[in-house]
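One structure below.
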Amino acid sequence: MSSAHLLIIGDRAALSWVVTEQRMAFPAGRSVVARTLEEGDEVFVYTTRGCFRNPTRDLGRVIGRARVASPVRVLEEPVVFGERAFTEGCRLEVSGLASFREGLVLRDLVPRLSVFPDPVTWSVRMRRASLTLPPADAELVRTELESLLRPYGEARDGYRWEPVSA
(Lines give C-alpha, C1' and ligand atoms only; values in the text may rest on other atoms or scores of the structure.)
Protein backbone atom coordinates (compact mmCIF):
# COMPACT_ATOMS: atom_id res chain seq x y z
CA MET A 1 0.00 0.00 0.00
CA SER A 2 1.40 3.38 -0.95
CA SER A 3 1.89 6.27 1.45
CA ALA A 4 1.70 10.05 1.07
CA HIS A 5 4.37 12.53 2.06
CA LEU A 6 5.13 16.23 2.10
CA LEU A 7 8.48 16.94 0.43
CA ILE A 8 9.75 20.04 2.18
CA ILE A 9 11.82 22.42 0.05
CA GLY A 10 13.48 25.42 1.68
CA ASP A 11 15.62 26.81 -1.17
CA ARG A 12 14.60 28.31 -4.51
CA ALA A 13 17.47 26.72 -6.47
CA ALA A 14 16.64 23.30 -5.03
CA LEU A 15 12.95 23.84 -5.84
CA SER A 16 13.80 24.70 -9.43
CA TRP A 17 15.87 21.53 -9.73
CA VAL A 18 13.20 19.32 -8.12
CA VAL A 19 10.44 20.66 -10.38
CA THR A 20 12.31 20.89 -13.68
CA GLU A 21 14.34 17.68 -13.29
CA GLN A 22 11.48 15.76 -11.62
CA ARG A 23 13.89 14.41 -9.03
CA MET A 24 14.26 14.64 -5.26
CA ALA A 25 17.51 14.54 -3.35
CA PHE A 26 18.17 14.14 0.36
CA PRO A 27 21.13 15.41 2.39
CA ALA A 28 23.71 13.12 3.90
CA GLY A 29 22.53 11.89 7.27
CA ARG A 30 18.86 11.72 6.27
CA SER A 31 18.91 8.15 4.94
CA VAL A 32 16.27 6.91 7.37
CA VAL A 33 13.85 9.67 6.36
CA ALA A 34 14.64 9.30 2.67
CA ARG A 35 14.03 5.55 2.75
CA THR A 36 10.46 6.04 4.00
CA LEU A 37 9.61 7.01 0.41
CA GLU A 38 8.84 4.07 -1.83
CA GLU A 39 8.20 3.82 -5.53
CA GLY A 40 4.53 4.62 -6.17
CA ASP A 41 4.08 6.82 -3.10
CA GLU A 42 2.22 10.10 -3.54
CA VAL A 43 4.14 13.25 -2.66
CA PHE A 44 3.05 16.83 -2.20
CA VAL A 45 5.75 19.45 -2.82
CA TYR A 46 5.83 22.06 -0.06
CA THR A 47 7.82 25.30 -0.20
CA THR A 48 8.76 26.87 3.14
CA ARG A 49 8.29 30.55 3.98
CA GLY A 50 12.03 31.03 3.50
CA CYS A 51 12.27 29.22 0.16
CA PHE A 52 12.37 32.50 -1.80
CA ARG A 53 14.45 34.29 0.86
CA ASN A 54 11.64 36.58 1.99
CA PRO A 55 9.79 34.90 4.89
CA THR A 56 7.95 38.09 5.80
CA ARG A 57 6.29 38.13 2.36
CA ASP A 58 6.04 34.46 1.43
CA LEU A 59 3.91 31.76 3.00
CA GLY A 60 4.59 28.04 3.24
CA ARG A 61 2.60 26.44 0.44
CA VAL A 62 1.89 23.05 -1.06
CA ILE A 63 2.63 23.75 -4.72
CA GLY A 64 2.58 20.39 -6.45
CA ARG A 65 1.66 16.74 -6.54
CA ALA A 66 3.80 13.87 -7.81
CA ARG A 67 4.49 10.16 -7.51
CA VAL A 68 7.79 8.59 -6.53
CA ALA A 69 8.98 7.01 -9.79
CA SER A 70 12.06 5.12 -8.58
CA PRO A 71 13.45 3.76 -5.35
CA VAL A 72 15.54 6.13 -3.23
CA ARG A 73 19.19 5.24 -3.83
CA VAL A 74 22.68 6.60 -3.27
CA LEU A 75 23.49 9.01 -6.08
CA GLU A 76 26.60 8.38 -8.19
CA GLU A 77 27.37 12.09 -7.94
CA PRO A 78 25.91 14.15 -5.08
CA VAL A 79 23.71 17.11 -5.97
CA VAL A 80 24.97 20.32 -4.37
CA PHE A 81 22.95 23.42 -3.47
CA GLY A 82 24.99 26.12 -1.81
CA GLU A 83 27.26 24.32 0.62
CA ARG A 84 25.00 21.30 1.18
CA ALA A 85 25.53 17.99 -0.56
CA PHE A 86 22.56 15.73 -1.23
CA THR A 87 23.73 12.14 -1.53
CA GLU A 88 20.54 10.10 -2.03
CA GLY A 89 17.61 10.63 -4.32
CA CYS A 90 14.82 9.36 -6.48
CA ARG A 91 12.91 10.24 -9.62
CA LEU A 92 9.48 11.88 -9.47
CA GLU A 93 6.58 12.08 -11.90
CA VAL A 94 5.04 15.49 -11.31
CA SER A 95 1.36 15.47 -12.27
CA GLY A 96 0.39 19.02 -11.35
CA LEU A 97 1.80 22.33 -10.18
CA ALA A 98 0.28 25.53 -8.87
CA SER A 99 1.33 28.72 -10.63
CA PHE A 100 4.61 30.15 -9.34
CA ARG A 101 4.31 31.55 -5.77
CA GLU A 102 0.76 30.24 -5.51
CA GLY A 103 -0.60 27.07 -3.97
CA LEU A 104 -2.26 25.78 -0.85
CA VAL A 105 -1.27 27.69 2.31
CA LEU A 106 -0.54 24.85 4.70
CA ARG A 107 -0.92 26.80 7.96
CA ASP A 108 -4.61 27.30 7.11
CA LEU A 109 -5.10 23.50 7.23
CA VAL A 110 -2.97 22.79 10.31
CA PRO A 111 -5.90 22.67 12.79
CA ARG A 112 -7.53 20.00 10.59
CA LEU A 113 -4.41 17.84 10.08
CA SER A 114 -3.69 15.07 12.59
CA VAL A 115 0.01 14.99 11.64
CA PHE A 116 0.29 18.23 13.65
CA PRO A 117 -1.04 17.30 17.11
CA ASP A 118 -0.21 20.76 18.50
CA PRO A 119 -1.21 23.51 16.05
CA VAL A 120 0.84 26.07 18.00
CA THR A 121 4.15 24.28 17.33
CA TRP A 122 3.33 22.71 13.96
CA SER A 123 6.26 24.31 12.12
CA VAL A 124 8.77 22.34 14.23
CA ARG A 125 7.66 19.18 12.41
CA MET A 126 8.56 20.85 9.09
CA ARG A 127 12.30 20.98 9.80
CA ARG A 128 13.06 17.86 7.81
CA ALA A 129 13.23 16.73 4.19
CA SER A 130 9.89 14.91 4.19
CA LEU A 131 6.94 14.23 6.44
CA THR A 132 4.68 11.19 6.11
CA LEU A 133 0.98 12.07 6.09
CA PRO A 134 -1.74 9.89 7.59
CA PRO A 135 -4.32 8.83 4.95
CA ALA A 136 -7.02 11.28 6.11
CA ASP A 137 -4.52 14.16 6.06
CA ALA A 138 -3.36 13.20 2.57
CA GLU A 139 -6.96 13.18 1.38
CA LEU A 140 -7.59 16.64 2.84
CA VAL A 141 -4.45 18.09 1.22
CA ARG A 142 -5.27 16.39 -2.10
CA THR A 143 -8.84 17.74 -2.08
CA GLU A 144 -7.86 21.30 -1.13
CA LEU A 145 -4.96 21.40 -3.60
CA GLU A 146 -6.75 19.99 -6.64
CA SER A 147 -8.38 23.20 -7.89
CA LEU A 148 -5.05 25.07 -7.65
CA LEU A 149 -3.08 22.68 -9.85
CA ARG A 150 -2.29 23.15 -13.51
CA PRO A 151 -0.84 20.49 -15.81
CA TYR A 152 2.89 20.02 -15.27
CA GLY A 153 3.86 21.15 -18.78
CA GLU A 154 1.95 24.41 -18.41
CA ALA A 155 3.38 25.42 -15.03
CA ARG A 156 6.92 23.95 -15.04
CA ASP A 157 8.73 26.87 -16.69
CA GLY A 158 7.52 29.28 -13.99
CA TYR A 159 9.74 27.36 -11.55
CA ARG A 160 12.98 27.68 -13.52
CA TRP A 161 15.23 29.71 -11.29
CA GLU A 162 18.04 31.50 -12.99
CA PRO A 163 20.61 32.68 -10.46
CA VAL A 164 21.52 36.35 -10.66
CA SER A 165 24.99 36.68 -12.14
CA ALA A 166 27.49 39.04 -10.54
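Given a 1.4 angstrom probe, I'd like the percentage of the accessible area of the chain that is carbon and sulfur, rounded to a whole number.
Working: 4390 of 8850 Å².
C and S atoms contribute 50 percent here.
Please give the charge dipole size of the chain, origin at the Cα centre, charges +1 on K and R Cβ atoms and -1 on D and E Cβ atoms. Round to the nearest 20 debye.
Result for the chain is approximately 420 debye, rounded to the nearest 20.
Say the dipole of the range 55-166 comes from +1 at the beta carbon of Lys and Arg and -1 at that of Asp and Glu; which of LEU149, PRO119, VAL94 then lies farthest toward its positive end?
Projecting each Cα onto the dipole axis, the largest value belongs to PRO119.
So, with +1 on the Cβ of K and R and -1 on the Cβ of D and E, and no other charges, what is the size of the charge dipole of the range 1-48 about its Cα centre, to the nearest 20 debye? Numbers along the way, then the final one.
Numbers: 4 positive and 6 negative charges, 43 e Å.
Its charge dipole is roughly 200 debye.
Counting other Cβ atoms within 10 Å, which trypsin sites (Lys or Arg not before Pro) in the range 109-151 have at most 13 and lie in a DSSP loop?
ARG127, ARG128
To one decimal place, what Kirkwood hydrodynamic radius in Å is obtained for the chain from all pairs of distinct Cα atoms?
This gives a value of 16.0 Å.
Could you work out the percent of alpha carbon pairs in the range 108-152 separated by over 18 Å, rounded to a whole number?
Cα-Cα pairs in the range 108-152 separated by more than 18 Å: 35 percent.
What number does the range 55-109 give for Rg over Rh if you use C-alpha atoms and the Kirkwood radius?
1.07
Hey, what do the phi angles of the range 16-28 turn into as Karplus ³J(HN,Hα) couplings, whole Hz, using 6.51/-1.76/1.60 and θ = phi - 60°, x for Gly and Pro?
These are the phi-based 3J(HN,Hα) values: 4, 5, 4, 6, 6, 8, 6, 9, 10, 10, 10, x, 4 Hz.
Kindly provide the helix-only [θ] at 222 nm of the chain, computed as the sum of -39,500 (n - 2.57) over DSSP H runs of four or more divided by all residues, to the nearest 500 deg cm²/dmol?
-4500 deg cm²/dmol
Give me a comma-separated list of calculated 3J(HN,Hα) values for the range 88-94, in order, Karplus coefficients 6.51, -1.76, 1.60 applied at θ = phi - 60°, integers in Hz, x for any Gly or Pro.
10, x, 8, 8, 10, 10, 7
With N denoting the number of residues in the range 7-66, provide Rg(C-alpha) divided by 2.2 N^0.38 Å, to two decimal places.
Numbers: Rg = 12.1 Å, N = 60, 2.2 N^0.38 = 10.4 Å.
Against the compact-globule rule of thumb, the ratio is 1.16.
The values are calculated or read from the model by the stated rules, or taken from the named source; none is laboratory data. Remember, predicted model here, so these are calculated numbers, not experimental data. No Cβ is skipped: glycine too gets one built from the backbone with ideal geometry, and neighbour counts run over all protein chains shown. The protein model used for the area step is the full one, side chains on, heavy atoms only, and it has no ligands, DNA or RNA in it. Shrake-Rupley method; radii C 1.70, N 1.55, O 1.52, S 1.80 Å.
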